[in-house]
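The values are calculated or read from the model by the stated rules, or taken from the named source; none is laboratory data. Here the structure is a predicted model, which means the values were calculated and not measured. No Cβ is skipped: glycine too gets one built from the backbone with ideal geometry, and neighbour counts run over all protein chains shown.
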Amino acid sequence: MTELRERQPIYLDYSSTTPIDPRVAEKMIPYITEHYGNPASRSHSFGWTAEKAVEEAREEVAKLVNADSREIVWTSGATESNNLAIKGASHFYSAKGKHILTIATEHKCVIDSVRELERDGFTATYLEPEPNGLVDLEKFKKAIRPDTVLASVMLVNNEIGVVQDIEALGNICREQKVIFHVDAAQATGKVMINLENLPVDLMSFSAHKTYGPKGIGALYVRRKPRIRIEAQMHGGGHERGMRSGTLPTHQIVGMGEAFRIARIEMQLENERIRKLRDKLLHGLQDMEEVYVNGDLKHRIPHNLNISFNYVEGESLIMAVKDIAVSSGSACTSASLEPSYVLRALGRSDELAHSSIRFSIGRFTTEADVDFTIQLLKDKIQKLRELSPLWEMFKDGIDISKVEWAAH
Amino acid sequence: MAYSDKVLDHYENPRNVGSLDKNDPHVGTGMVGAPACGDVMKLQIRVSDDGVIEDAKFKTYGCGSAIASSSLVTEWLKGKTLDQAYEIKNSAIAEELALPPVKIHCSVLAEDAIKSAIADLKSKQGK
């Protein structure tokens, strides 16, 4: 029993972060121990070796998304990429207008970058998605104003995994001459991205969501037609002046290798993960009153976000401590608010609180999924036996019509 | 969040889960809280003709501390007179379970549930 308790939980939180693939870690190590030169050092072989590794990695990142390596700018991660793209481009082109269009379900770093621009004299629209999490193209088109300078839409949502129609949204932006930024942190290695054809001007990437190291990311900045951005980090003029700061060679090498592996293995890996996700979905849907959050068709195979009705969120998280998952419950978030993404889809507070995000990845096994299904079935049943709301539901009482005493 | 061993024990092995017949004149039912607030407690007591609580049952929708608070009071209520039950204070529940400050409201809710169940019984019996 002690052994069982001390065992690590099963990791089903790949959308939060992924382990570094051992092949990636192996490739990184020499750039910490032996090839420690500064890639900006032009006067000796230490620098040249590091620079070569950085450029090879840049090539690999570009290849995964079919871009030119000269369009890739290294950053510290997707948060920085999103800040740099949104604030950098909006400021550079602010003569055109000072309105930003984004979606209410974007990642906090996009929302907060836009909020910062609002404090700086810009105005913003946070468009609500449809109840399935997808953006309605007509509503998006209507939300663009003559003074809209930039639109930002994520490719894959981090909480519910839905995939937006970036091509159609990008075409609307092109017609209206609006700069289009896409946060692709959750998309690399999961959906095909072809920037040669996609009408996207700026795209953010992260390494640690794709089996690379934390602390490294990239921003794609289109060359044709050329997009300009104002630097947010000033200094030695690295990355053609768009982002100063000594390049972390080992991190960059890791991102390059992670993206190379993603390019080669993506198709097979996605098929395997889809089977696991479908198995999990069917297993959980055996139960009554479970609701999938977000569209199932336009969705990466890695994500399953489910609400379990009549079960309170925090006790649910306590009950499933043998698996590592994320929850929409206030109790597990820093802000003490239920998931704003699920709220934007029109989910009630109760359903948002009782949601679990399962995210499956490279090292998830079928046995992990079987264990998870059984665990959830046992625990949900136990908590519902405890729940007066479940009893009322079973007695045919409409809980939304009950007058609850406020407390 | 770190829970005390007592909270974990009640959460994992809740005592006296279930329902009594709410139409029984000897049964008082208290239902407090609201789903939107994240806690609903249903507490029921069956009281003998001489005013002693013979049985207590609960069902709770809520966090581990709410489940533990209501489970604990069902243990405490059995064998008590209504007057003694009325004297149970939330501070005693919070102390017994070592609830952190953010979970004190769970013990308040449990005390409210006791008072609500007693009031229901008394109104039923026309007292």
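Here are the numbers:
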read-out: In the range A:119-140, the residues that are loosely packed, with under 13 Cβ neighbours inside 10 Å and at negative phi; value: A:Arg119, A:Asp120, A:Glu138, A:Lys139
read-out: Pairs with Cβ under 7 Å, 6+ apart, first in the range A:382-393 and at the interface with chain B (Cβ under 7 Å from one of its Cβ atoms), second assigned to a helix (DSSP H, G or I); value: A:Leu386/B:Ile67; A:Leu389/A:Ile399; A:Leu389/B:Pro35
read-out: Conditions (1) out of contact with any His (no Cβ under 8 Å at 6 or more places or on another chain); (2) within 14 Å of another protein chain (Cβ to nearest Cβ); number of the one not met by B:Lys78; value: (2)
read-out: Check on B:Ala66, more than 15 Å from the chain's Cα centre (by Cα), within 10 Å of chain A (Cβ to nearest Cβ), of a type in the set (Gly, Ala, Ser) and in a helix (DSSP H, G or I); value: no
read-out: Flag if A:Ala95 is within 17 Å of the chain's Cα centre (by Cα), at pLDDT 95 or above and surrounded by fewer than 21 Cβ atoms within 10 Å (Cβ to Cβ); value: no
read-out: Answer from A:Asp322, A:Asp278, A:Asp286 - the residue that is within 14 Å of chain B (Cβ to nearest Cβ) and closer than 23 Å to A:Thr365 by Cβ; value: A:Asp322
read-out: Residues (in a loop (DSSP other than H, G, I, E, B), touching a residue at least 24 places away in the same chain (Cβ under 8 Å), within 13 Å of another protein chain (Cβ to nearest Cβ) and more than 13 Å from the chain's Cα centre (by Cα)) located in the range B:18-50; value: B:Leu20, B:Gly38
read-out: Single residue of B:Lys59, B:Lys78 found to be touching a strand residue (DSSP E or B) at 6+ places or on another chain (Cβ under 7 Å), of a type in the set (D, E, K, R) and under 25 Å from A:Asp398 (Cα atoms); value: B:Lys59
read-out: B:Ala98 within 13 Å of chain A (Cβ to nearest Cβ) and among the small types (Gly, Ala, Ser); value: no
read-out: Residues satisfying the stated conditions in the range A:264-315, i.e. within 18 Å of A:Ser348 (Cβ to Cβ), part of a loop (DSSP other than H, G, I, E, B) and among the charged types (D, E, K, R); value: A:Glu288, A:Glu289, A:Glu312
read-out: Of the criteria (1) without any contact (Cβ under 8 Å) to a residue 12 or more places away in the chain; (2) more than 10 Å from chain A (Cβ to nearest Cβ), which one B:Arg15 fails; value: (1)
read-out: Qualifying residue in the range A:318-339 (condition: within 22 Å of A:Pro129 (Cβ to Cβ), of a type in the set (A, V, I, L, M) and assigned to a helix (DSSP H, G or I)); value: yes
